[in-house]
1. Report the extension gain between K316 and D190 in nm, rounded to one decimal, defined as 0.36 nm multiplied by the number of residues separating them, less their alpha carbon distance.
2. Using just the helices of the chain, give the 222 nm mean residue ellipticity in deg cm²/dmol: DSSP H runs with n ≥ 4 each add -39,500 (n - 2.57), and the total is spread over all residues, rounded to 500.
3. Put a dot 7 Å past each Cα toward the Cβ at A273 and A396; how far apart are the dots in nm?
4. Roll a 1.4 angstrom probe over the protein heavy atoms and tell me the percent of accessible area of the chain that is carbon or sulfur.
5. What nm value, rounded to one decimal, do you get for the distance between L413 and E76 when each label is placed 7 Å out toward the C-beta?
6. At a Förster radius of 45 Å, what calculated FRET efficiency corresponds to the Cβ-Cβ distance of E179 and D224, to the nearest 0.05?
7. Please give the FRET efficiency for D232 paired with M22, using the beta carbon to beta carbon distance and R0 = 25 Å, rounded to the nearest 0.05.
8. Distance cut-off 23 Å, Cα to Cα: go down the list K98/K123; K123/K316; K300/K324; K189/K459 and report the pairs above it.
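The values are calculated or read from the model by the stated rules, or taken from the named source; none is laboratory data. In this text, all values refer to a predicted model and were calculated from it rather than measured experimentally. In this analysis, Cβ positions are derived from the backbone assuming ideal geometry, glycine residues included, and neighbour counts consider all displayed protein chains. For the accessible areas, the whole protein counts, side chains as well, though only heavy atoms, and no ligand, DNA or RNA atoms are used. Shrake-Rupley method; radii C 1.70, N 1.55, O 1.52, S 1.80 Å.
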Amino acid sequence: MTDKKSNAMWGGRFAAGPDAIMEAINASIDFDKRLASQDIAGSRAHASMLAKQGILTDTDAEAIREGLLTVLSEIERGEFVFSTALEDIHMNVESRLKDIIGEAAGRLHTARSRNDQVATDFKLWTRDQYDAAISGLDALIRALIVQAEKGADWVMPGFTHLQTAQPVTWGHHMMAYVEMFGRDMSRFKDARVRMNESPLGSAALAGTGFPIDRHMTAEALGFDRPTANSLDAVADRDFALEFLSCASICAMHLSRFAEELVIWSSAQFRFVALSDRFSTGSSIMPQKKNPDAAELIRAKIGRIFGANVALMTVMKGLPLAYSKDMQEDKEQVFDAADNLMLALAAMTGMVSDMTANVDNLRAAAASGFSTATDLADWLVREAGLPFRDAHHVTGALVAMAEKKGVDLPDLSLEEMKSVHEAITESVYDVLTVENSVASRTSYGGTAPAQVRAQITRWKEVLG
């Protein structure tokens, strides 16, 4: 059911209010009340501009601005009563403003529409989420750098196909995620620049005949400029889609790292110990310590991916300009933003608290013939073999070691010479995992000196 107040908002278009079903499907206040502070900031900027342009009196503008602060205060104190009959945050705020200051409230909507109003509110809110994501990524990257610095020399296995490949350093592995999350931060920053244009003043779709100053409102709200096309301004949700796209890639990176933490903290690996703050016990098995925070981060990606697909689907078939379908734009973004920020905070906490088991890392790095590539490289450098021949000789030596149940450094020189006469005692110098990682001195390699160089570079980037 609706009341007379909501009917009055519609003017004379409808003789009776919509029935309960229409009211339920049409209302967005249950979720768009999150835009209250942005809605009020936009309205205050709009009122100031209308007064400066002589469209509103200074008296009315001041009453509107002060009244809006009263409304905001009521909302922040939890005293505001939201009404589904009034549909959305814009109508709820305007109705309450009228209760407070009277007829002057009706002049606030001069030279704007709910179409440019909601686009502005949603942009302001999403811009805050860009900033929050950038801040969250900064904290996570700094936590990873601390771990990298601690373990720049610690040797661990590097994997491909989750099989032991070559030794790497703990610092190198941590810095790999710094690079990933650094790209995420760059994407959020880049998209934030692109989205920072103000739709306010575009009105319903065609602009307005009132002599408004859109540059003034844009500046007041922290935008770089007003949007250049009123049709596009009210129809655009790219800023939300880009946020979801950036969030999806970031969540994927978080999920990959979460998967590694789940594996590394298992009894079979014991590469890391996660703190009790980010683990739980079992209700029946007292020996267990479950990496629940990592598992939940790994699961969050489904919600964030889903939000991205959902909004893309909403927008894909819409003609210009505004359609009511676009009311379905916010819930997905709200949910994705909430879950991304939670996942970033949880991952930062886990990284800050986790303890690497250096002995287990080193032992695992030395197993699985991890220095086989070093042996092949030695055969190329020292014995002059073509790499393909060196690869074949190394494979034969691996097969020999595997048959004997030992690792490559455990084969005798005589056994190695039985495969190729050119092998000498100096081959053992490259078969230790420490020498292996130390030799990887190419730019971006796993050698401790290279790791420390990248740590220094990132510290300069972050400032």
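1. Details: separation 126, 0.36 × 126 = 45.36 nm, distance 2.34 nm.
Between K316 and D190, full extension yields an extra 43.0 nm.
2. On the way: 19 runs with 282 residues, N = 463.
One gets -20000 deg cm²/dmol as the mean residue ellipticity at 222 nm.
3. 4.7
4. Working: 11580 of 21470 Å².
Roughly 54 percent of what the probe reaches on the chain is carbon or sulfur.
5. Each label point lies 7 Å from its Cα, and together they span 7.9 nm.
6. Numbers: r = 29 Å, r/R0 = 0.65.
Approximately 0.95, to the nearest 0.05.
7. Details: r = 30 Å, r/R0 = 1.19.
Efficiency at R0 = 25 Å is approximately 0.25.
8. Working: K98/K123 26 Å; K123/K316 19 Å; K300/K324 29 Å; K189/K459 18 Å.
Long pairs (Cα-Cα over 23 Å): K98/K123; K300/K324.
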